[in-house]
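So the structure is just underneath, and the comments pick up after that.
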DNA sequence: CCAAGGATTGGC
DNA sequence: CCAATCCTTGGA
């Protein structure tokens, strides 16, 4: 019967709100291999996610939600499946997906992806990824990712038993998050970064480690 | 109001 | 290693 899959809803394998209403590290891991589609006016921009990080809850010192629902972070306290876009270092945008139950602030930072269609420059690194997809705060912050403009989808073939998710091609590597060292030892020790390797598009100081072997 | 610093990036 | 560049936050 159609529409019986647990985490993935009907249609062309699009990820719906229930997929995101779970802990951030779990969502981050399962987003690996999924396609992110931005219908940018008449232009279709598509990538395949290869790196994502979870920022999990009120006690995660590295999370923007750590200091409570400040004006910027308030969106993380809202419903899941919504885009959280912020400006970093005055010049780059970063795209997150709000996860977890409402009131349980968490999000997944999309750090790197493989370019598939319509990308503007490099998709390696969160700032570059947003630029390549033409994601901006004024246009996309707070946008429902279940809508027609910006959404995730994955292949329906080869669904993993019990999950409704297609197993991504490649190996999932789990590491500490990038640049959370200043947030304190506890946050730095969390292994909430997920990489789909091998990939030439992984960011971070260990990206060579996850790059494809030279032929 | 002011000062400090940032979930980054690219250049030296 | 370090500056760019401006928004966010917290404290006076």
**Request:** Collect the residues in segment A:123-147 that are part of a loop (DSSP other than H, G, I, E, B) and in contact (Cβ under 8 Å) with a residue 40 or more places away in the chain, keeping them in residue-number order.
**Result:** A:123, A:125, A:134, A:135, A:136, A:141, A:142, A:143, A:145, A:146
**Request:** Determine whether residue A:186 is at pLDDT below 95, at negative phi and either assigned to a helix (DSSP H, G or I) or surrounded by fewer than 18 Cβ atoms within 10 Å (Cβ to Cβ) (or both).
**Result:** yes
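For (1) modelled with pLDDT of 95 or more; (2) within 16 Å of DNA strand C (Cβ to nearest atom); (3) buried (at least 19 other Cβ atoms within 10 Å of the Cβ), each residue gets a yes or a no:
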{"residue": "A:45", "(1), (2), (3)": "yes, no, yes"}
{"residue": "A:48", "(1), (2), (3)": "yes, no, yes"}
{"residue": "A:55", "(1), (2), (3)": "yes, yes, yes"}
{"residue": "A:65", "(1), (2), (3)": "yes, yes, yes"}
{"residue": "A:71", "(1), (2), (3)": "yes, yes, no"}
{"residue": "A:74", "(1), (2), (3)": "yes, yes, no"}
{"residue": "A:80", "(1), (2), (3)": "yes, no, yes"}
**Prompt:** How many residues are within 16 Å of DNA strand C (Cβ to nearest atom) and surrounded by 19 or more Cβ atoms within 10 Å (Cβ to Cβ) if we restrict to segment A:87-119?
**Reply:** 9
**Some residue of segment A:195-204 being touching a residue at least 40 places away in the same chain (Cβ under 8 Å), surrounded by 15 or more Cβ atoms within 10 Å (Cβ to Cβ), within 16 Å of DNA strand C (Cβ to nearest atom) and assigned to a helix (DSSP H, G or I)** = no
**Asked** If you take the residues of segment A:32-50 that are farther than 20 Å from residue A:198 by Cα and assigned to a strand (DSSP E or B), which of them is farthest from the chain's Cα centre (by Cα)?
**Response** A:43
**Asked** Any idea how many residues of segment A:65-91 are within 19 Å of residue A:150 (Cα to Cα) and near DNA strand B (Cβ under 9 Å from one of its atoms)?
**Response** 4
**Request:** Evaluate the following for residue A:55: is it part of a strand (DSSP E or B), within 10 Å of DNA strand B (Cβ to nearest atom) and over 20 Å from residue A:173 (Cβ atoms)?
**Result:** no
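The values are calculated or read from the model by the stated rules, or taken from the named source; none is laboratory data. Keep in mind the model is a prediction, meaning the values are calculated, not measured. For neighbour counting, all protein chains shown are included, and Cβ atoms are generated from backbone atoms with ideal geometry for every residue, glycine included.
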